[in-house]
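Worksheet: the structure to be examined is printed underneath.
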Amino acid sequence: MASVAANHEEHPVGLKRWLFTTNHKDIGTMYLLFSLLMFFVAGSFAMLIRAELFSPGMQIMKPYFFNQLITMHGLVMIFGAIMPGFVGFANWLIPMMIGAPDMALPRLNNWSFWILPFAFTLMLSSFFMPGGAPGTGWTMYAPLSVQAPIGMDCVIFAIHMLGISSVLGAINIIVTILNMRAPGMTLMKMPMFVWTWLITAFLLVAVMPVLAGTVTMVLMDRHFGTHFFEAAGGGDPVLYQHLFWFFGHPEVYIMILPAFGIISQIIPTFSRKPLFGYESMVFATASIAFLSFIVWGHHMFTVGMPAPAEMFFMYSTMLIAVPTGVKIFNWVATMWRGSLSFETPMLFAIGFLVMFTIGGLSGLMLAVVPADFQYHNTYFVVAHFHYVLFAGAAMAMMGGCYYWLPKWTGHMYNETLGKWHFWLTTIFFNLTFFPMHFLGLAGMPRRIPDYALQFTDLNRVVSISAFGLGLSQLLWVYVVYQTVKGGKKATDRVWEGAEGLEWTLSSPPPYHSFATAPTVK
Amino acid sequence: MSATHDHYYLPSPSPWPLTASAGLFTLALGTVLTINDLGAGPWVLLAGGVIIAFMMTRWFGQVVGESEGAAYNAQVDMSFRMGMAWFIFSEVMFFAAFFGALFFERHYSVPWIAADHILWPGFHAAWPTSGPKGAAFTPMSPWGIPAINTLILLTSGATVTWAHWGLLKSNRAQLIVGLVLTILLGCSFLALQAHEYYMAYTHFGLTLKAGVYGATFFMLTGFHGLHVTIGTIMLIVMLVRSIKGHFRPDHHFAFEAVSWYWHFVDVVWLALFIFVYWL
Amino acid sequence: MSLSFKNNKPSGPLILAVTRFATAAALLLSAGSASADIRWNFQTPVTPMAHQIYHLQDLMFGVCVAIFVIVFGVMFYSIFAHRKSKGHKPATFHQSTTIEVIWTVIPFLILVAVAVPATATLLKMENTSDSAMTVRITGYQWKWQYDYPAQGISFFSDLSTPVAQIENQEPKNKHYLLQVDHPLVLPVGEKIRFQITAADVIHSWWVPSFGVKTDAIPGFINQTWTEIQVPGTYRGQCTELCGMGHAFMPIVVKAVSQKEFQKWVTAQKARMSAAHSAATPAM
Ligand code: HEA
Ligand code: HEA
Ligand code: CUA
Ligand SMILES: [Cu+2]
């Protein structure tokens, strides 16, 4: 006990508490709030995108500014909203779930967070650079990115900083899980959320450095006369795509595995029944992670790869449906003959199940090479990835937020408003993104600021629903604010069916989760 | 003291992470401005460097203090070791990106370009190459400086291990001599590498601009050289600490971390020697 | 192309725009919409490949719907039947190797079943051999160039929609953004090989009703092919982000009978030798 107390008599208050903190809960809170902020920033970009696409003809901006918006919308959503959001959950929950006093490397933990605000300042400052932000799309394909204005350099260095942040954060999580578990907490006893994060962190350490190297090559081609991506010097623009997607595909699982973890915590609780097939869940997660390293080519079917390569990537991509299916089935089997109740977190979990599967199935259609020649770079793809990213990653976080908020704040949230948030989000989400499938099939390319007349009607539906979807998120912010400020006192267990160490702590939990490690039998 | 040993050490709030982030930002912004020669670029860059250097001395200084003050128990030590191991893995993946580029361009893009008689008539696949439009250059022969550098690094790997043995059987002299030798070898490696670059640019026409060979050659050897530099600096710190009498046979994570890093740099060089210079 | 509005400064007071939407939204709600029918599937296929792809997509769609219905049929049944509010007591099982094996194997078999036709179609697509003629396509920021090496014809194909329409100063015509000054003219009923490349950044040449989409990559040539069955005018767009004009480099193909094609070729040759390029009327 002594030392822990000794090092923590000083509880800095006010600004210093947040700036200098080494506490996993404070850092987790900062991650979550930052991710919410970035969600709104990138969301506002999306609102502008939808405004421009409300009718044919250029409406409120120039085409190049539109390209800047989609680039920043993609980059900020992925690196600013989704990834930090899940790291926030990891910070708050992993020490509590494995019975540790804190993260293994608390100072490093603080650094991983504080890099983010600076990195995004740099990234967003590109809007104000001569020539504006890069208009390359979040994929930053060479040679377009080699040609792009100064803003590209800001984004490149911002990505370097984000890389450092993610890698250090991931290392911290791995070390915490491998080295800080309470006695008796064997690997196969860990909650699913901890397992999914262990595997996610591995993916992060493996691919973020590759992205860093790749954008460095772009930087060299831009400023130092190298020919990595230029045929005249023996290079190849397609090399960029191979490198980017070697990072990019694992990246998309980095954004969904923690979501799987959250759902695997919520569903058993509200089914009052243990998670079905725990071992196979762990195994499925691992195989998804493994497969994610060998499917990257499915983003490049139209670049003119040799047929054998196309087939390899088609088969390996399809294969991912099997372990993912196992997960879906296990969740359904967990609900089967349970004793179900439908509080807000459960609603989000069920919404996740249904809508992620829609996204997954459309992903499977994309994996079929000849068909992908038609889908590729159309709104069909945009529909696919918003189903997996918004309804998958983002809505899992919303569910997790309602699920653990009472534990974090000590207050119950307003159930009625929570349910309203769920239904508004779900309805507007589907009205926004389902029609995009048809736009894509009918031949509307993505990344265009203006479109032919036959796409008008659906785009109007999409835009109006998108505004609704955006506004509904303000309700979420209000509920969270309300809960933080006050409300009905939450019990330690919070949910009748909740299992796991975090529920044995008080709500809100003590400053040091487990000053003395509990024993798990 | 004894009490601290059965509890995991949780550091108190620290200003250094925030300083580090600000330093990174300044450094990055400075670089952006400099390479686009805008405004006070170099000065911002310099400021960033200074902030980082200052932060590092203070942050690491604090950690060294805690370590020597026996604040860390075995579990903390294990956290550090795991952390370092995974960090090195991330470095491996960073180099993997550039090796990947090397393999792809050598085995795919160059042959594809050569096979294309419409756009690139008269270009024949060969390696090394600077591509159909690249300037002519002479590639580096592996059996000159590179071979010597290979020997140097391998020897330095041995000397650092020898130093470690010294530390383990608490033979300070051996520890210090071993470190000094390793540092000297590291410096001579860098000197030779610098000379090689000088020759490349002045006599062989081998520059960053020399097509894919020049690009991959300088990016791979360059980043490796950077890592050798960092490694040497860390070795010097270890030397100073050893002279100050830091480290115990059962408690010297920092030293081991540095030697792991040094071995990693060593292995990367072997890969470089084989795939960049030799084959 | 020299579209005056293509500079990268954001434009227009937002408020003005907002009001514009308000009105447009009102319009929509009063069911007064700009264009008529909505398409729910691929554009009408006019080549053998496009037909196969169309069927592949229908197959995939069917499979996915079936899976979806089964999986969530089960889930919603349990949501309906196993709810606490109905006093349903939770079972305690959490494992069953047999069932897990079953739902690993069945999806796998389904995948094999769809992989077979997919692979067949893919191999057909990749086979560019024994084609009757070759057209070379080059993407530029932001227009297409078409070369007929054998016929010695070469011309650029540029968007012909007036800027005034794009900037909403004129009513938009039927083929808004999908019209060019010189369409690509091709004969029906024979295998045409495309050699596609780009001059600056990556573009992508796509004509939906042909089932052809291939990236145009600077410094490399990608080959693909088509065989048009029905004469007519077919429209597509660049499908790789290529800068600010990406939305404004459409593709228009005029598929004509052999006879007309020969006529067109001679006419072009005459025009080219007369060394002045009079624009054929925009379509
Ligand atoms: C969270 C993010 C996420 C996730 C989880 C996925 C999951 C999948 N994605 Fe997606 N994808 C993206 C994010 C994601 N994707 C993004 C951002 C892009 C666009 C990038 C860009 O260009 O900007 C993209 C693009 C993309 C493409 C390229 C499209 C193109 O540009 O032409 C492809 C092609 O194969 C693809 C496939 C898949 C597949 C097969 C899965 C699979 O993992 C899905 C597996 C799940 C299921 C199949 C459903 C559940 C399973 C069952 C119910 C069992 C029964 C099922 C069967 C037997 C079929 N994705
Ligand atoms: C997790 C990731 C994520 C999330 C959550 C979203 C959320 C949304 N995205 Fe997403 N999107 C991407 C990731 C994501 N997107 C990526 C990677 C791309 C590809 C980029 C590229 O092509 O390179 C993309 C591209 C993309 C496009 C295609 C652009 C193009 O190709 O031309 C569109 C078009 O509609 C779009 C719309 C939306 C909308 C309406 C939302 C909505 O769900 C957002 C809703 C949330 C808010 C709106 C919060 C903000 C709310 C307020 C600010 C309150 C005020 C509200 C009003 C004023 C109404 N996105
Ligand atoms: Cu050309 Cu997009
Ligand atoms: Cu992918």
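Please give the net charge around B:PHE99, taking every other residue with its beta carbon less than 15 angstrom from that of B:PHE99, where Lys and Arg add +1 and Asp and Glu add -1. Before the final figure, lay out the partial values.
Working: positive: B:ARG106; negative: B:GLU91, B:GLU105.
The answer is -1.
With a 10 Å radius around each residue's Cβ, average the other Cβ atoms per peptide and rank A:410-418, A:424-432, B:243-251, A:221-229, highest first. Intermediate values should be presented prior to the final figure.
Values: A:410-418: 18.0, A:424-432: 19.6, B:243-251: 12.6, A:221-229: 22.3.
Ranking, from highest mean packing down: A:221-229, A:424-432, A:410-418, B:243-251.
Do any trypsin sites (Lys or Arg not before Pro) in the stretch B:149-237 lie in a loop, going by DSSP, with at most 11 other beta-carbon atoms within 10 Å of their beta carbon, and if so which? Present the calculation step by step, with values, prior to reporting the outcome.
Numbers: sites: B:LYS169, B:ARG172, B:LYS209; in loops: B:LYS169, B:LYS209.
Counting only loop positions with at most 11 other Cβ atoms within 10 Å, the trypsin sites (Lys or Arg not before Pro) in the stretch B:149-237 are B:LYS169.
State, to one decimal in nm, how far the label point of C:ASP58 lies from the label point of B:HIS203, with both points 7 Å from Cα in the Cβ direction.
7.2 nm
With the contact rule set at Cα under 8 Å and sequence spacing of 6 or more, what percent relative contact order holds for chain A? Can you show the working numbers first?
Details: 835 pairs, mean separation 93.9, N = 521.
Dividing the mean separation by the residue count of chain A yields 18 percent.
Just want to confirm a number: the relative contact order over chain B, from Cα pairs under 8 angstrom separated by 6+ residues, in percent. List each step's numbers first, then the result.
Numbers: 272 pairs, mean separation 49.7, N = 279.
Normalised by residue count, the contact order of chain B is 18 percent.
Under a 5 Å amide H to amide H cut-off, with H placed in plane at 1.01 Å, what residues pair with A:SER341 once short-range neighbours are removed?
C:LYS84
If you take every DSSP beta bridge whose two residues both sit in the protein assembly as shown, what share of them, in percent to the nearest 5, is antiparallel? Please list the in-between numbers first.
Numbers: 31 of 44 bridges.
Taking every DSSP beta bridge with both residues in the protein assembly as shown, the antiparallel ones total about 70 percent.
Please give the per residue accessible area of the stretch A:244-347, computed with a probe of 1.4 Å over protein heavy atoms only, in Å².
On a per-residue basis, the stretch A:244-347 sits at 22 Å².
About the Cα centre of the protein assembly as shown, how large is the charge dipole given +1 on each Lys and Arg Cβ and -1 on each Asp and Glu Cβ? Please answer in debye to the nearest 20. Mind showing how you got there, number by number?
Details: 55 positive and 49 negative charges, 325 e Å.
Dipole magnitude for the protein assembly as shown comes out near 1560 debye.
Ranked highest first by the average count of other Cβ atoms within 10 Å around their residues, in what order do B:197-203, C:207-213 fall?
Working: B:197-203: 13.7, C:207-213: 25.3.
Ranking, from highest mean packing down: C:207-213, B:197-203.
Please give me the summed charge of the neighbours of A:GLY225: other residues whose Cβ is under 14 Å from its Cβ, Lys and Arg +1, Asp and Glu -1.
Values: positive: A:ARG222, B:LYS133, B:LYS209; negative: A:ASP221, A:GLU230.
With Lys, Arg at +1 and Asp, Glu at -1, the net is +1.
When only the heavy atoms of the protein chains count and the probe is 1.4 Å, how do A:SER506, A:SER165 rank by accessible area, highest first? Before the final figure, lay out the partial values.
Numbers: A:SER506 50, A:SER165 5 Å².
From most accessible down to least: A:SER506, A:SER165.
For peptide C:68-80, compute the average count of partner chain beta-carbon atoms within 10 Å of each residue's beta-carbon.
Working: counts 5, 0, 0, 8, 7, 0, 5, 11, 3, 1, 9, 6, 1.
Per-residue shielding by partner chains comes out at 4.
Under a 5 Å amide H to amide H cut-off, with H placed in plane at 1.01 Å, what residues pair with B:GLY131 once short-range neighbours are removed?
B:VAL212
Two-decimal Rg/Rh of the protein assembly as shown from alpha-carbon positions, Kirkwood Rh?
Numbers: Rg = 30.5 Å, Rh = 31.2 Å.
Result: Rg/Rh = 0.98.
So how do A:208-217, A:231-240 stack up, highest first, on mean other-Cβ count within 10 Å?
On the way: A:208-217: 24.5, A:231-240: 26.4.
Top of the packing list down: A:231-240, A:208-217.
Tell me the volume per residue, in Å³, of the convex hull enclosing the alpha carbons of chain B. Display every interim value, and only then the final one.
Values: hull volume 42.4 nm³, N = 279.
Measuring per residue, one finds 152 Å³ for the Cα hull of chain B.
Using a 10 Å cut-off on Cβ to Cβ distances, tally the other chain neighbours for every residue of C:218-227 and report the average as a whole number.
Working: counts 9, 20, 12, 8, 4, 1, 3, 0, 0, 0.
Counting other chains' Cβ atoms within 10 Å and averaging over C:218-227 gives 6.
Ignore the peptide's own chain and count Cβ atoms of other chains within 10 Å of each Cβ in A:373-385; give me the average, rounded. It would help to have the intermediate numbers written out before the result.
Details: counts 12, 13, 3, 6, 9, 5, 0, 1, 0, 0, 0, 0, 0.
That works out to 4 on average.
Using the alpha-carbon atoms, what tilt in degrees (0 to 90, nearest 10) does helix A:151-179 show relative to the longest principal axis of chain A?
30 degrees
Just add up the charged neighbours of A:VAL381: K/R +1, D/E -1, any other residue whose Cβ is under 12 Å from the Cβ of A:VAL381. Mind dumping the intermediate values first?
Values: positive: A:ARG446, A:ARG447; negative: A:ASP372.
Neighbourhood net charge equals +1.
In the structure displayed, which of A:LYS62/C:LYS213; A:LYS521/C:LYS86; B:LYS169/B:LYS244 lie more than 29 Å apart, Cα to Cα?
On the way: A:LYS62/C:LYS213 27 Å; A:LYS521/C:LYS86 34 Å; B:LYS169/B:LYS244 18 Å.
Over 29 Å apart, Cα to Cα: A:LYS521/C:LYS86.
The values are calculated or read from the model by the stated rules, or taken from the named source; none is laboratory data. Remember, it's a predicted structure, so these values are computed and weren't measured experimentally. Heads up, the Cβs are rebuilt from the backbone with ideal geometry, glycines too, and the neighbour counts pull from every protein chain shown. Only protein heavy atoms, including side chains, enter the accessible area calculation; ligands, DNA and RNA are left aside. Shrake-Rupley method; radii C 1.70, N 1.55, O 1.52, S 1.80 Å.
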